[in-house]
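A short write-up of the structure that comes next.
The values are calculated or read from the model by the stated rules, or taken from the named source; none is laboratory data. On a predicted model such as this, the values are computed, not experimentally measured, just so you know. Here the Cβ positions follow ideal geometry from the backbone for every residue, glycine too, while neighbour counts run over all protein chains shown.
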């Protein structure tokens, strides 16, 4: 696998834009140029992106979801699962989305996308999410975890969970802290599972959840209450 690039600022960064719309690629390129990004290349779909990444050691990929023949989720899964050994599995990937399709968001979350940017793209929000990729590195799980990722249909979500005020507390995204434990499944507006009960909140997941709140997917997350006896637990 390729060595991880060391860029930490825009002017050092090498960025790959992946989108089948020439207009979108040009728009993103102009924004990146305005941020003084060091080097920018483009691909029209996931297959072309993988081919380029075997030689172009990108620091960040900005990838659309809806592309043919390989869409953004297929590309993301190949990267995270290590199916292409010449591409680093922890490569920061920002996904562009034109809608709030819950199935797309859930799968991207499961595949540890680093951030979501909704079209039309706002310059300030875009820059902030790029910076987050430098500031909050992704903690990648083993390759088998991503191989096993599958979409959860809305009717498969657990509807029997009940809020227990003795052991649970509601938090906004701003109130979440790294190490909080999800106490009730985080479900999208259309009933798709985004984060499962028992998962530990990470800095990266807080960032992604913040993106989804901005897209109207949910407002509150239920986490376990921290008791004195919990001191020392992760």
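Just to be sure, is residue 143 surrounded by fewer than 18 Cβ atoms within 10 Å (Cβ to Cβ) and over 18 Å from residue 16 (Cα atoms)? Criteria met by residue 143. Scanning the range 9-25 for residues that are in a strand (DSSP E or B) and under 13 Å from residue 67 (Cβ atoms) returns 17, 18.
The sole residue among 191, 232, 214, 198 that is at pLDDT 70 or above and on the phi > 0 side of the Ramachandran plot is 198.
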